[in-house]
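Visitor: What follows is a structure written as structure tokens; I'll ask about it next.
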Amino acid sequence: MANFLEDKRPAKIERAFLVGVQTKDMAPGEGEELLAELGELVENLKLKIVRSTLITLRTPTPATLLGSGKVAELIELAKADGAEVIVFDEALTPAQQRNWEKLSELAVIDRQEVILQVFADRAQTREAVLQVALARMQYSLPRLTRAWSHLSRQRGSGGMGGEGETQLEQDRRLVNDRIVALKRELVAVRKQRATQRQRRQRVPVPTAAIVGYTNAGKSSLLNALTGASVLAEDKLFATLDPTTRQLHLRGNRKLLVTDTVGFIRRLPHGLVEAFKATLEEVVVADFLIHVLDVTNSNVAQHHETTLAVLKELGAVDKPIITVFNKLDAADAAALNRAHLLAPDALYLSARSGKNLDQLIGRCLEQIADAVDSVDLLVPHSRYDVISKLHATGHVQNQEERDNGVFLQGRFPATQAGLFTPFIVVKKK
């Protein structure tokens, strides 16, 4: 599907006028913070911001969200600044969006549409592309009365309907058919990914998922831990697709670490739903590594947002290692703020590697908690068992004895059928 912003008007859109909203239900200063975040999102679309303005909204107006006087004032400012699109940080209903476009004769979009476009620009894998396309189609369905140029305008026959079918009905049919097709494709892709996960789990290895607010440094941390080369840029949603890499730990232990899509305040619900397949890596992980940018003044809100999304995914009760990243750029005030937010958190720098060993140590503790410690005596004739134990667990000690091979180690409970017959002493 063509670019949303280009679909609104034939002329290329380059200049944006941003409108933020502070309501009585929001914390003081929250509207300003969200507006600044919207500005960063819009800049990711390569648009020039000609003006940002914050409106105090006491009572929403059904037709246009804002009162008629404020609507006229903002339109005048937008045109004076040469803006080609007005971007609202508040969600607009389809009717409000249509009314604003009719009154202003400009393109008018909201935060949800901006996020959808940023996701569309970032998607790389087939699954991510399908998920974004599905979310955009579902968002667009109630907005079909706007002037779309990317939908077919040909009056068809047969499956396209008869002469009595309006163009709007045809458009709705097209979009609904596309939604059905996308869901079907996603089912196939998810089955393939589930099969790949099952193959990994044949030889169980502990798993961790890196989660956190977008641009907190999750990809940089994955690279620092595993030596991977995942794209790590200083911009929102630099990576959308989950990337899993193997981390080699002390004592022949292994940990699979997955980088996930960043979270953000006011993430469109449709995107949360569409990306649940991608975020399944969070749900199936043994524990989570929650990364926060210690230098960000909004870190408390970022912490809250991430936990809210984890709750929606059903993963908030998993063991969580909280990590404050970018330690090398933090001042005393930032460190104090972080300590009050999460007293037991770790502080490190993925860029320089400072205190990375502390996180690795905490990961080892999590793995140790998840497996049993046992002493085994395996007959010399069962070296196949010994080989599997080395592959699936952590062998701390191994001795050749007359009556077999003595091993001390920790092994996943899922491998109990393999090692239980050879247990000498099971430790607590």
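Laboratory data are not the source of any read-out in this text; all were calculated from the coordinates shown. Keep in mind it's a predicted model, so treat the numbers as computed, not measured. Reconstructed Cβ throughout: ideal geometry from the backbone, glycine too, with neighbour counts over all protein chains shown.
Visitor: Can you sort VAL385, VAL19 so the residue with the fewest Cβ neighbours within 10 Å comes first?
Guide: In increasing order of surrounding Cβ atoms, one gets VAL385, VAL19.
Visitor: So, one more: I want to check the label-to-label distance for TYR383 and ASP402. Put each point 7 Å from Cα in the C-beta direction and report it in nm to one decimal.
Guide: 2.2
Visitor: Dividing the Cα convex hull volume of segment 302-398 by residue count, how many Å³ per residue is that?
Guide: Cα-based convex hull of segment 302-398, divided per residue, equals 152 Å³.
Visitor: Mind ordering 305-315, 217-227 by average Cβ neighbours within 10 Å, highest first?
Guide: Order by mean packing, descending: 217-227, 305-315.
Visitor: How much length is gained on full extension from GLU365 to LEU77, taking 0.36 nm per residue of separation minus their Cα-Cα distance?
Guide: Length gained, GLU365 through LEU77: 97.9 nm.
Visitor: Please work out the FRET efficiency for the pair ASP375 and THR166, using the Cβ-Cβ distance as r and a Förster radius of 60 Å; give the result to the nearest 0.05.
Guide: My answer for the efficiency is 0.20.
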